[in-house]
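Peer 1: Can you read through this structure? Questions will come right after.
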Amino acid sequence: MNFALSALTAILLILSFPAVNWTWLAPVALTPLLIACARESAWRRRFVCGWLAGFLFWFGVCNWIQFVLEVHGGMGRWGGWGTFVLFSILKGLHCAIFAALAGVLIRTPWAIPAAAALWAGIERTHGPGGFAWLDLGNAGIDMPLLLRLVPFTGVYGLSFVFAMVACAVALLVLRRPLRQLTPLAALLLLFLVPKPSIDSNGSGQALLVQPNLDTEMQWTQTSLLRVERDLALLSRPSGSLETGPRFIIWPEAPAPFYPGEPAFRNYAESIARANRAYFLFGGVAYNSANAPLNSAFLLDPSGSMIARYDKIKLVPFGEYVPDIFWWVNRITKEAGDFAPGERVVDFPVPGHRIGAFICYESAFPDLVRQFAADGAELLVNLSNDGYFGHTAAREQHLELVRMRAAENRRWVLRATNDGITATVDPSGRVVYRAAPYQALASEVTYNYASTTTLYTRYGDWFAWGCLIVAIVLAVFHAQKKQPARA
């Protein structure tokens, strides 16, 4: 029964996110696992129950990883499945630790806030643990009342609320005293948090270019010249140079773009000069050790290089191979693993600053908020989701980007290779969404914002505080239950 309850939690979590996106399940998704933890007295068996839930969740929600490894990594069906299963086994350990400790906390009078704090804190460990993607709170991106929390706590505040409700339902099923439900009254404070007033009619103009290039294209000099010609045509605004966008954005490098090479550098400069616009695009740079860097470059209207940002959070299997997966092929075709960037860079434009985070970095709230903390008044996400194929990963990725906008109260302009190209306002709403799998250029509007949220300024204070408090409470109560020695 406990294993079945654990599996049910995994199913509810999977259904809460794209592709199904039944977000109304998110507040009760953890309930079956918490009931199993309360029923099971041995921490080792709780650990196994939690691991089962975590394994099934990651296996279900990230099944697109197998497709990427098989098709783009050249590992074949069995190699892709085998590696993906091992990945899911390892990722299940976070939920296993949660269940082992939650079984202690759910027996206390403060079960609801303690279990919720433990879940939110454990979620914060996914990034340092090797791979971050969807936190439970992401399922609340279309829940306006809950989103009022996000500028203060980040996505982890929403995860905390969902875990509180799930624990309360578990206590009701377990027939605990009703007084243990009183912490739920704190949720009424959400109505006291001011509702943000955001204008979705932007005054700035940008051109988002979606080239729709085949990620498996065999690059030759002829094919590269053809792509460069097509991109130059897409990069022309529909109106006059006087009234058209002054900001052109290309996605994360979908082709072998090397701004360090004179030929491509001259080509990029010509794009900026011909359109009299600032030009932001993705390409490959190299560090002092000659290791490739996944970078974003900004040119001014004269074609001069303003600055470069090097991607800090690299994609496992895509841009580097973790040591434990030494046999796996990288997805990208560069010679050697990419090197991570070392610092956040904001791009200066007249009177403003822009922060550009690249692809997978959208899964890291604390990284994205550093752009805004350093002065970025507009956020840009350059991405190449072509490796995802026609899977739910595209919608999942957009959901992450939307949460980053809401956390920092910033507009986000998102340029992708083949979708989903979009603009997101500071409340996390999608204002514009381009059709996927088409070559197109979209003229969009946006606004700059200079005020900073509590989350922007102080980062993951809430999540780390939750983790510390939950562990202290679990240790304290576990020791309290130990029989005295003779």
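The values are calculated or read from the model by the stated rules, or taken from the named source; none is laboratory data. The model shown is predicted, which means the values in this text are computed figures rather than measured ones. Cβ atoms come from the backbone with ideal geometry, glycine included; neighbour counts cover every protein chain shown.
Peer 1: Looking at the range 97-123, I want the residues that are in the same structural domain as residue 465 (by TED's automatic domain parsing) and have a partner that is outside any helix (DSSP H, G or I) and of a type in the set (D, E, K, R) with Cβ atoms under 8 Å, at least 6 apart or on another chain. Which pairs are those?
Peer 2: Listed pairs, sorted by first residue: 103/40; 111/176; 123/135.
Peer 1: Among what's in the range 306-342 and is within 19 Å of residue 65 (Cβ to Cβ) and outside any loop (DSSP other than H, G, I, E, B), pick the residue that is modelled with the highest pLDDT.
Peer 2: 316
Peer 1: Restricting to the range 1-29, name every residue that is among the polar types (S, T, N, Q), out of contact with any Leu (no Cβ under 6 Å at 6 or more places or on another chain) and assigned to a loop (DSSP other than H, G, I, E, B).
Peer 2: Once the filter is applied, which keeps residues that are among the polar types (S, T, N, Q), out of contact with any Leu (no Cβ under 6 Å at 6 or more places or on another chain) and assigned to a loop (DSSP other than H, G, I, E, B), the range 1-29 yields only 21.
Peer 1: Conditions: (1) of a type outside the set (Lys, Arg); (2) farther than 30 Å from residue 337 by Cα; (3) touching an Asp or Glu at 6+ places or on another chain (Cβ under 8 Å); (4) surrounded by 18 or more Cβ atoms within 10 Å (Cβ to Cβ). Residue 198 meets all but one. Number of the miss?
Peer 2: Residue 198 satisfies all of (1) of a type outside the set (Lys, Arg); (2) farther than 30 Å from residue 337 by Cα; (3) touching an Asp or Glu at 6+ places or on another chain (Cβ under 8 Å); (4) surrounded by 18 or more Cβ atoms within 10 Å (Cβ to Cβ) except (4).
Peer 1: Could you please find all residues in the range 117-143 being polar (S, T, N, Q) and part of a loop (DSSP other than H, G, I, E, B)?
Peer 2: Within the range 117-143, 125 is the sole residue that qualifies.
Peer 1: Hey, residue 443 hits all of (1) touching a strand residue (DSSP E or B) at 6+ places or on another chain (Cβ under 8 Å); (2) without any contact (Cβ under 8 Å) to a residue 60 or more places away in the chain; (3) of a type outside the set (Val, Ile, Thr); (4) over 22 Å from residue 387 (Cβ atoms) but one; which does it fall short on?
Peer 2: (2)
Peer 1: Please find, within the range 265-298, the residue that is surrounded by the fewest Cβ atoms within 10 Å (Cβ to Cβ) out of those that are over 17 Å from residue 231 (Cα atoms) and without any contact (Cβ under 8 Å) to a residue 24 or more places away in the chain.
Peer 2: 288
Peer 1: Something else about it: Out of 149, 145, which single residue is without any contact (Cβ under 8 Å) to a residue 60 or more places away in the chain and loosely packed, with under 14 Cβ neighbours inside 10 Å?
Peer 2: 145
Peer 1: Would you be able to say whether some residue in the range 40-49 is outside any helix (DSSP H, G or I), among the β-branched types (Val, Ile, Thr), more than 26 Å from the chain's Cα centre (by Cα) and assigned by TED's automatic domain parsing to the domain that holds residue 470?
Peer 2: No, the range 40-49 contains no residue that is outside any helix (DSSP H, G or I), among the β-branched types (Val, Ile, Thr), more than 26 Å from the chain's Cα centre (by Cα) and assigned by TED's automatic domain parsing to the domain that holds residue 470.
Peer 1: Further question: Taking only the range 364-419 into account, find how many residues are more than 16 Å from residue 211 (Cβ to Cβ), part of a strand (DSSP E or B) and β-branched (Val, Ile, Thr).
Peer 2: Looking only at that region, the number is 2.
Peer 1: While we're looking at this one, here's another question. Name the one entry in 375, 459, 419 that is under 23 Å from residue 17 (Cβ atoms) and either among the hydrophobic types (A, V, I, L, M, F, W, C) or touching a residue at least 12 places away in the same chain (Cβ under 8 Å) (or both).
Peer 2: Among 375, 459, 419, only 419 is under 23 Å from residue 17 (Cβ atoms) and either among the hydrophobic types (A, V, I, L, M, F, W, C) or touching a residue at least 12 places away in the same chain (Cβ under 8 Å) (or both).
Peer 1: Considering 224, 241, 233, which residue is at pLDDT below 90, over 29 Å from the mean Cα position of the chain (by Cα) and assigned to a helix (DSSP H, G or I)?
Peer 2: Just one listed residue meets the conditions, 224.
Peer 1: Test residue 294 against the stated conditions and say whether it is on the phi > 0 side of the Ramachandran plot and at pLDDT 85 or above.
Peer 2: no
Peer 1: Ok, one more. Give me the pairs: first residue in the range 198-221 and in contact (Cβ under 8 Å) with a residue 40 or more places away in the chain, second residue part of a loop (DSSP other than H, G, I, E, B) and among the β-branched types (Val, Ile, Thr), beta-carbon distance under 6 Å, and six or more apart or on different chains, which are they?
Peer 2: Short answer, once both residue conditions are applied: 208/421; 210/421.
Peer 1: Could you check, for the range 272-280, whether at least one of its residues is of a type in the set (A, V, I, L, M), at pLDDT 90 or above and part of a loop (DSSP other than H, G, I, E, B)?
Peer 2: yes
Peer 1: Pick from 104, 68: which is within 22 Å of residue 124 (Cβ to Cβ), modelled with pLDDT under 95 and touching a helix residue (DSSP H, G or I) at 6+ places or on another chain (Cβ under 7 Å)?
Peer 2: Checking each option against the conditions leaves just 104.
Peer 1: I would also like to ask the following. Restricting attention to the range 61-85, report how many residues are on the phi < 0 side of the Ramachandran plot, small (Gly, Ala, Ser) and surrounded by fewer than 17 Cβ atoms within 10 Å (Cβ to Cβ).
Peer 2: 1
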